[in-house]
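Single-structure report; data block below.
Each value in this text was obtained by applying a stated rule to the coordinates, not by laboratory testing. It should be emphasised that the depicted structure is a prediction, and the values quoted were computed from it without experimental measurement. Positions of Cβ are generated from backbone atoms using ideal geometry, with glycine treated the same way; all protein chains shown enter the neighbour counts.
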Amino acid sequence: MKIRNLDRLTVLSIGLVALVAGGLVGARLVLAGRVKADSNHVFELRIYHAVPGKLPLMESRFRDTTSKILDRHHLNVIGYWVTEDAPENSFVFLFTHESREEAKKKWEAFRVDPEFQEILKAEQAEKTLEKADVVWLRPTDFSPMR
């Protein structure tokens, strides 16, 4: 039986796609085993518990000033959230860092930033932060976000 040109092209295309897909799957499996050993990538979860009634002011400070300073110091925020359930006075944000050591350097530069020093003065004048929880997270080898 003679294969037409279109059929040959289809067979070759399917074969090529299968070859590429197999290579990608194989590479993914090899990398998955190395992620834990090769990566120092971490996430930093911060939960700021606001003084009752002060969450809107805390949000405003972050929206207008703090987020810009964080960005300037390459402190990469993935997102900001406020809690809807009890306790309803929590401001939550998540960072991604290349490593804890890199994060430490960036935080040190952030803390001495003159513009951040002004925010600290404003916080002393009108306290918004009751307490802060900081949690360091290491992604698992099966996590979609690494």
Q: Can you tell me the relative contact order of segment 42-137? Whole percent, Cα pairs under 8 Å, sequence separation 6 or more.
A: 48 percent
**Q.** Per-peptide average of other Cβ atoms within 10 Å, ordering 111-117, 99-105, 87-93 highest first
**A.** 87-93, 99-105, 111-117
Q | Amide H contacts under 5 Å for residue 76, placed H, 5+ residues apart | A | 96
Q.
Classify segment 42-137 from the C-alpha gyration tensor, please: rounded if a/c falls under 1.5, else prolate or oblate depending on whether a/b exceeds b/c.
A. oblate
Q | Proximal charge balance of residue 82 [Cβ under 9 Å; K/R count +1, D/E count -1] | A | -3
Q: Grab the other residues whose beta carbon is less than 14 angstrom from that of residue 115, score K and R as +1, D and E as -1, and report the net.
A: 0
